[in-house]
Amino acid sequence: MILSDGWDRGDPDLLGAEMARLRRVAHRIVWVNPLRATPGFAPLARGMAAALPHVHDLVDGHSLASLESLAALVAGRVP
């Protein structure tokens, strides 16, 4: 589980490579992004765009309700 707004300041190619490596060894990658609930949100930051192909679930993380949904996802109660 990664909790980040996706505004990484490092090398996006390195982030993409490390995310690919993580996906090979992780059961599931869930990225919790507090900005995802913002109207018009699009994962346009270079780091987020590099990481997204390796993420299984990109979910909201801006409210108690979104964290409850996250708990249900992790518990396997959400498809």
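What the table below lists for this structure:
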{"read-out": "Close pairs from region 28-44: first under 11 Å from H56 (Cα atoms) and in contact (Cβ under 8 Å) with a residue 24 or more places away in the chain, partner among the charged types (D, E, K, R) and outside any strand (DSSP E or B), Cβ under 8 Å, at least 6 apart", "value": "I29/R23"}
{"read-out": "Exclusive hit being part of a loop (DSSP other than H, G, I, E, B) and farther than 23 Å from L22 by Cα, set A37, A65", "value": "A37"}
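Quick grid of which residues meet (1) surrounded by 15 or more Cβ atoms within 10 Å (Cβ to Cβ); (2) in contact with a helix residue (DSSP H, G or I) (Cβ under 9 Å, 6 or more places away or on another chain); (3) within 23 Å of G76 (Cβ to Cβ); (4) among the small types (G, A, S):
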residue: L3; (1), (2), (3), (4): no, no, yes, no
residue: D8; (1), (2), (3), (4): yes, yes, no, no
residue: L22; (1), (2), (3), (4): no, yes, yes, no
residue: T38; (1), (2), (3), (4): no, no, no, no
residue: R46; (1), (2), (3), (4): yes, yes, no, no
residue: A50; (1), (2), (3), (4): yes, yes, no, yes
residue: H56; (1), (2), (3), (4): no, yes, yes, no
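Each value in this text was obtained by applying a stated rule to the coordinates, not by laboratory testing. Owing to the predicted nature of the structure, the values given are computational and were not obtained by experimental measurement. Every residue, glycine among them, receives a Cβ derived from its backbone with ideal geometry; neighbour counts consider all protein chains shown.
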